[in-house]
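J.: Quick one: the structure is below, and I'll ask about it shortly.
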């Protein structure tokens, strides 16, 4: 049976729109035939917790059906990142052509070194909450009691409001 899974996409190197499209298409290819996906608008946001002089990000969220385990999806998303040119770096949050983060995986709750679900900083990041609220404002994450939309309304992170770039992509 397929699990509904939310994945955040971010890019701040190269052709950001093309990077998001290619990553989205590769994520959709992971879905079983005949299933539907959702995608948010694309937003531009200032880098958070990145090295100085990092370029602005384009961010979006997609929700797909996935058949498999959370760790299988993690391996698949990491494979997509490498395919699209991401490299390892000793510097945390260095600029990159694509960053994929699993936000939630159905009702799974897990906290491991390599994977924590739901994503531990999801509700603290405007650049994630804003696009997620596009597709799921009433979503209540596992272990939470507050909707995504309410988290976004109450967020006081100091981040500037993401700029809408494109609704259809």
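Values in this text are rule-based calculations from the coordinates and carry no lab data. Model, not experiment: these values are computed from the prediction. Because the Cβ atoms are built from the backbone with ideal geometry, glycine has one as well, and the counts that use them run over all protein chains shown.
J.: Suppose we filter the range 131-148 for residues that are in a helix (DSSP H, G or I) and either at positive phi or surrounded by 23 or more Cβ atoms within 10 Å (Cβ to Cβ) (or both); how many remain?
T.: 3
J.: In the range 149-169, how many are closer than 16 Å to residue 10 by Cα and in a helix (DSSP H, G or I)?
T.: Number of matching residues: 0.
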